[in-house]
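Right, one structure below, let's go through it.
The values are calculated or read from the model by the stated rules, or taken from the named source; none is laboratory data. This one's a predicted model, so the numbers in the text were calculated from it and none came from an experiment. Note that each Cβ is placed from the backbone with ideal geometry, even for glycine, and that neighbours are counted across all protein chains shown.
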């Protein structure tokens, strides 16, 4: 033991003080704990989803959202097993410009549907999230009342980064929610532009939200987006804005006479509502019910779903082929140089493409 005295000791400190100061004992190190790897029990997840366990449903969606290749096969096996239990919900897409009150409407409408005895799931989709790869649907924090309801389930859209991106994950989340017994699935578009057509391709009914009092009611409203809608809802029809909202709805109804209907055999109409005061929600649900009955009797409801699934297959297949092509080592080696030659006009475009494809044949 080192008994060297320190430079300073108190009077009467003696050797014991010196020893205790000079010789220090390091505290014992905490044992290193290995982080447990999450294991995925497909049987347990399937059983939990079918029982409507929201915790296990969230875990199952987390699995299909994973960008890990090792999780892909497990997720697809879970989906394969749950697919026969899906397809019984009504899928409603909801879009609208920022500030239109989508979050407030979804909460009010979701609470109305729960009051009608329905189980409601809310999903969000934003193809533009591939730019930020961030978490979206911060609106979830504003759906405080709905998020506390046992009959509801709210899930933000994942960021992209794997085959099929956000659209694939949202479609697969729909399957899981349907297997969990949700009667109505509300799919909100968070982004703009591409998101409307993406959501239209995976829902039965498409609802476009608008507001009044922003100048020319039709200004800035793309004809293409209006032609996607099965119903137009003018929100914030309350207080001093009621008359303006009603006037806007009339203008939309006049304009709709000159546009092509989004669904065969169904006339798109415009109506007012107030998410804040929760008025007009019953009429919206009534119109959606008429749509379901009308398209069910004509056979168009099932036809659209089959076409959407077929289109999804073709889209995913095309993405898979491109993904495999661009990740081929031979292609990655030749592609940069060929791009430069094509850009400079040194190599014909068709020849460059043919050259790359021939490399695949030789590989």
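Only one entry in 161, 117 is surrounded by fewer than 23 Cβ atoms within 10 Å (Cβ to Cβ) and modelled with pLDDT under 60, namely 161.
Collect the residues in region 164-177 that are in contact with a strand residue (DSSP E or B) (Cβ under 7 Å, 6 or more places away or on another chain) and either in the same structural domain as residue 323 (by TED's automatic domain parsing) or at pLDDT 90 or above (or both), keeping them in residue-number order. Residues satisfying the conditions are 173, 174, 177.
Okay, residues lined up against (1) under 14 Å from residue 204 (Cα atoms); (2) in contact with a helix residue (DSSP H, G or I) (Cβ under 8 Å, 6 or more places away or on another chain); (3) assigned by TED's automatic domain parsing to the domain that holds residue 111:
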{"residue": "303", "(1), (2), (3)": "yes, no, no"}
{"residue": "307", "(1), (2), (3)": "yes, no, no"}
{"residue": "316", "(1), (2), (3)": "no, yes, no"}
{"residue": "326", "(1), (2), (3)": "no, yes, no"}
{"residue": "334", "(1), (2), (3)": "no, yes, no"}
{"residue": "350", "(1), (2), (3)": "no, no, no"}
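Against the criterion of being exposed (fewer than 14 other Cβ atoms within 10 Å of the Cβ) and assigned by TED's automatic domain parsing to the domain that holds residue 183, residue 345 does not qualify.
The single residue among 191, 181 that is modelled with pLDDT of 95 or more, under 21 Å from the mean Cα position of the chain (by Cα), assigned to a loop (DSSP other than H, G, I, E, B) and within 22 Å of residue 65 (Cβ to Cβ) turns out to be 181. Restricting attention to region 60-87 and to residues that are touching a helix residue (DSSP H, G or I) at 6+ places or on another chain (Cβ under 9 Å) and assigned to a loop (DSSP other than H, G, I, E, B), the residue that is surrounded by the fewest Cβ atoms within 10 Å (Cβ to Cβ) turns out to be 87.
Answer yes or no as to whether residue 292 is at pLDDT 95 or above, more than 30 Å from residue 242 (Cα to Cα) and part of a helix (DSSP H, G or I). When the stated conditions are applied, residue 292 does not pass them.
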